[in-house]
Amino acid sequence: MTEKKQPEPKREQPAVAFDPVEAALRQIFDDIAAEDVPDDFADLVAQLTTKSSDKKDK
Amino acid sequence: MMPEPDAEPLSPAALDAFKAQMVALIPALRGFARGLCRDRVLADDLVQEAMMRAWASRHTFIEGSNFRAWMFMILRNHYYSGAKKRARYTVWDPEAAERILVQDATQESGLHVDDVMRAIHRLPEQQREILLLVAGAGLSYEEAATVTGANMGTVKSRLNRGRAGVKAILEGEKASAVA
């Protein structure tokens with residue numbers, strides 16, 4: 001009788017050592033991402049789109 | 001603003017996708033720019049300039065290639081091309097730093113983020129940008145290699161040396177504070 005071969009358990013990824021410098025940097029970027037984006041950016045995006053549409057209309 | 005190119009090969013759907021990808025990257029680009037120049041206002045100007053440049057060069061972007069790396073590369077190149085004009089920002093300015101980041105110690109890392117930023121700015125530029133790109137913005141080694149024009153081995157090496165450098169600076173400061 002042939003034994004049913006058990007599937008090999010998936011190897012876990014080696015744990016990445018906690019690095020306080022990386023954690024602090026990630027937090028800095030997360031905090032910036034949580035800030036409200038200034039209206040200038042929305043204006044810029046609108047302006048780019050408008051410029052592009054105007055050009056097509058000509 | 002950069003001149004608009006005459007060619008307009010992208011379809012309306014592709015243009016919308018291009019714009020959406022650019023908008024989605026704004027927070028990470030702001031973080032990277034702020035880490036590079038240490039000035040909130042200048043950083044936002046840099047990001048907006050990079051967005052305008054990207055838009056003006058949209059016909060050169062190859063659909064399916066890595067948009068994130070492309071955008072970060074434009075921002076980085078724009079920053080370095082004007083770095084000499086902004087030499088005043090290369091000197092550490094505690095007041096400017098306070099404008100950038102006024103935060104409490106992070107419970108996650110146990111380090112003050114402003115201490116980390118100050119230490120990062122004492123690193124060689126090449127190590128600093130890799131730390132910002134990989135550890136901060138979450139780019140892969142491959143993306144960071146594309147952005148900086150270095151090979152993957154160099155990226156890993158700069159990252160490791162940057163991390164070690166920051167720790168050494170912070171430990172040195174702690175030791176001198178105790179002494």
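The values are calculated or read from the model by the stated rules, or taken from the named source; none is laboratory data. Computed from a predicted model, the values in this text were never measured in an experiment. A quick note on method: Cβ atoms are made from the backbone with ideal geometry, for glycine too, and the neighbour counts reach across all protein chains shown.
Below, the figures for the structure above:
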read-out	value
Residue match in the range B:79-100 (condition: buried (at least 17 other Cβ atoms within 10 Å of the Cβ) and modelled with pLDDT of 55 or more)	yes
Residue pairs meeting the criteria (Cβ under 8 Å; at least 6 apart or on separate chains; first among the small types (Gly, Ala, Ser), in the range A:37-58; second modelled with pLDDT under 90 and part of a helix (DSSP H, G or I))	A:Ser52/B:Leu15
The range A:33-47, residues that are more than 7 Å from chain B (Cβ to nearest Cβ), acidic (Asp, Glu) and more than 19 Å from the chain's Cα centre (by Cα)	A:Asp39, A:Asp43
Subset of the range B:139-163 (residues that are surrounded by fewer than 16 Cβ atoms within 10 Å (Cβ to Cβ) and under 15 Å from the mean Cα position of the chain (by Cα))	B:Ser140, B:Gly149
Candidate set from the range B:44-76 (those that are more than 18 Å from A:Ala46 (Cβ to Cβ), crowded, with 23+ Cβ neighbours inside 10 Å and within 13 Å of chain A (Cβ to nearest Cβ)); member that is farthest from the chain's Cα centre (by Cα)	B:Leu46
Test: residue in the range A:4-18 that is exposed (fewer than 10 other Cβ atoms within 10 Å of the Cβ) and modelled with pLDDT of 90 or more	no
Residue check for B:Ser176: away from chain A (no Cβ under 11 Å), at pLDDT below 75 and over 19 Å from the mean Cα position of the chain (by Cα)	yes
Condition met for B:Thr148 (among the polar types (S, T, N, Q), at pLDDT 95 or above and over 18 Å from B:Val41 (Cα atoms))	yes
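Condition check ((1) modelled with pLDDT of 95 or more; (2) under 14 Å from A:Phe29 (Cα atoms); (3) touching a strand residue (DSSP E or B) at 6+ places or on another chain (Cβ under 6 Å)) across all residues:
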{"residue": "B:Phe18", "(1), (2), (3)": "no, no, no"}
{"residue": "B:Ile26", "(1), (2), (3)": "yes, yes, no"}
{"residue": "B:Arg40", "(1), (2), (3)": "no, yes, no"}
{"residue": "B:Phe61", "(1), (2), (3)": "no, no, no"}
